[in-house]
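**Q** Before I ask anything, let me first share the structure, which is written out below as C-alpha cells.
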Amino acid sequence: MKLKISNRFTIRTVALFTLLPTTGMSGALPEESARLDEFFKTSFENRLARDPEFQTRLGMKNDYGNWTDRSDAFATQSLAIIVSELATLRNEFDFDKLDGQSRLSYRLFEHRAEREILNYTWRFYDYPVNQMHGLQSDLPAFLINAHKIVDERDALAYTSRLRGFEFVFDQLIENLEIRREKGIIPPKFVVPLVLSACNNLLKGQPFEQSAKNSSLWEDYNDKIEALEGIEPMRKSELLKSAREALLDSVGPAYDRLIHYLQKLETVATDDDGAWKFPRGGEFYNHALRNTTTTEFTAEQIHEIGLEEVARIHKEMRGIMEAVKFEGSLREFFHFMRTDQQFFHPETEKGKQTYLHEATAAIDSMKARLGEMFITTPQADLQVKAVEAFREKSAGKAFYQRPALDGSRPGTYYANLRSMADMPTYQLEALAFHEGIPGHHLQIAIAQEAGGIPDFRRHTRYTAFTEGWGLYSEYMPLEFGFYKDPSSNFGRLAMEIWRAARLVVDTGIHAKKWTRQKAIDYLIENTPNPVGDCIHAINRYIVMPSQATAYKIGMIKILQLREWSKEQLGEQFDLREFHELILTGGPMPLDLLEKQVHEWVDFKTSSQDT
C-alpha cells in the first residue's frame, strides 16, 4: 500500500526547501523574518524556564535543584500559553512577507501548537507509571545520567532534587487517581513490574542494612568522591545531607507510591488495549494520527503491516537458500533464536564483549560517513549497558541526546539483562539505529544546526525520528555493510520486527487482541527470542500507537528518496538528499514531503536555466 500523507494542515505553495536562497525572493522581507525569530526565541526560552529537567538534559543549570511540575494545573497553564502563542503567530505576523526558512518555521510552530492543543484533550490517556519509562525509574536514571556534579553547588542541587521526590511522587499519585476515576488503569501485568522497579531502588544502603549501596547512594558517593578542591570534612557533610534526604524523602516517596500501586492492582484487569478506555477508539485514532502524522486508520496500518511481513519473509527465505538451510522458515527462526553461536555468554565478560563489538560497529560506520553525509555531528557518542536497577523493565535499546555544551556525549544504551535477548546477528543494525547513522547522527545534527529556531532543533516527531532510525538500518546495506549473511538476516529481523508492530499494535488497541495473541504473533512471524516478544508486547500495550511510527516513517523516507531519484536522474545526490532530511530538524511527514518536492523543483529549474 502506498503511503499517503495527511493534508489536515494547509501547506501554502511556497519555497520551503531549507537550502534554497532566502534573500532576494519576491515579497520576502528580512525584517519580518527577524521579528518572527525573536518570537520563536522568546517562546522557547519561556518553555525552557518552565522545565528544569529539560534544562539539565541540555546541559544548563539554571534550576539545577528543581523538578519539572507535573500537576494538572501546570498542564492547563501550558495549554493557555500555547493557545496564546498560536494566536500571536497568526495575528501578528504576515506569512507572505517571510523568507523561505521562516515560512517553514512558521508552519512547524503552527503544527506543533495545534498538536499540543489536541493532545490536551487526551492528557490523561496514558500510564505515567509503567514498566518502560515511569517516574519510579525515570527520576533515578535522570539523576544518575544527566545530573553532573562538578562543584559543591551541583552536589547541593542533587540533594535538593532528592528532597523533591516526595513532592513529585505526590503529584504522580494525584494524577494516577484522576486516571483511575476516569477508568484509565494500567493492565494487571504492569503493576508487579512497576512494584519490582520500586523495590529495586530501595535495595541497599541507606534504605536497608546491606553490604551494597542502593543505586542513588552509590551514584552520589561516586560523584562526591571524584570532586576536587573540597576538604574531606565538607565531603562528609555533603554525604550526610544526601543520606538524610534519601531516608527522609526518597524512601517515604517510594513507600507511598508502592502502597497506592498495591491498591490499584486490586482494580486492574487483564484487558490490555486502548479500546477499553472511555472513547477509546476515538483516542486511538487520534494517537495514530499524532504518531504517524498521516490519516491512516488502524485497519489500513494493520494491512500495511501484514503486507510488509509477507515481503520480508520472502527476503528471509532468500537468505535461507544462500546459507543452504534445509527446513521451513519457522524452523530457521528457531535455529536463529536458539543456536549458541549467535549469543554471547551470560557473564560479565559476555556483556563487555557485546558493548565492545557495538562500539566497533559504530566506529566502522564513522569511518565511512563522508560517503553518505555532508554534515556530521560534533557531539561524541558512547555505548553503555542499561543500569541494573532498570534493566528488567526497560526496552531493548534506547538513546539519550548529548548536552548542548558538550559536557555529556550522546549515549546508546543496550539492555543486557539477558544475553539470550541480544543476538549478535542484530548487533550491527541495532547499533546503526540507536547510534550512527541513526538517532545520534539525526538528533545531534538537529541540535547543533545553525540558522533555525531552537524549537525546531529540539522538537520530536516520532515518525520522523524513528523512521530515520529504521532507514539507518537499511541504508548501510547499500554501502557494503552486513557482509555476513547472518548479519543481513539480523537487519531483516529488525525490519520485520517493526513491520509486525503495525499488526500487533493495531491488533491490541483496535481489534481487541489479547496480550497472549499478540505475543504469539511475534513468536510465529519473527526470529526474535521469546523474551524479546514478551517485553515488546508489554511495551506496545502501555504506549498505544508509538510503535507504528518506525515503519510508517521509513516507508515515507524511502518513497521520497526513490521519487527524487526518478525525477532527477543523474542529478540525484544521496548526500544532498540526506542533508535536506537532517539539517532542517525533525518535522511531520507532510512537511517533509513538501520539502523534498521543493528541493527537486529547485534542482530541476536550476538545470533548465
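Nothing in this text is a laboratory measurement; each read-out follows from the coordinates by a stated rule. Note that the coordinates shown come from a computational prediction; the quantities given were computed from them, not determined experimentally. Using ideal geometry, Cβ is built from the backbone for each residue, glycine included, and neighbour counts are taken over all protein chains shown.
**Q** Ranked from highest to lowest mean number of other Cβ atoms within 10 Å per residue, what is the order of the peptides 531-539, 128-136?
**A** Highest to lowest by the protection proxy: 128-136, 531-539.
**Q** Per-residue ellipticity at 222 nm for the chain, helices alone: DSSP H runs ≥ 4 residues times -39500 (n - 2.57), over residue total, nearest 500 deg cm²/dmol?
**A** -19500 deg cm²/dmol
**Q** What order do you get for 599, 67 when you list them from fewest to most C-beta neighbours inside 10 Å?
**A** Ascending Cβ contact count within 10 Å gives the list 67, 599.
**Q** Enumerate the lysines that residue 511 could reach by cross-link, defined here as Cα to Cα under 16 Å, with residues fewer than 8 away along the same chain left out.
**A** Of all the lysines, those that pass the test against residue 511 - Cα under 16 Å, at least 8 places apart if same chain - are 276.
**Q** Using the crude model of +1 on Lys and Arg Cβ and -1 on Asp and Glu Cβ, and no other charge, please compute the dipole size for the chain relative to its Cα centre, in debye to 20.
**A** With only Lys, Arg, Asp and Glu charged at Cβ, the dipole is about 980 debye.
**Q** Another question about this same structure. Under the classification rounded if a/c is under 1.5, otherwise prolate if a/b is larger than b/c and oblate if not, where does the stretch 371-456 fall, given a ≥ b ≥ c as square roots of the Cα gyration tensor eigenvalues?
**A** Note, shape of the stretch 371-456 comes out prolate.
**Q** Let me ask you something else. Distance between Cα centroids, the stretch 572-609 to the stretch 50-93: provide it in whole Å.
**A** 32
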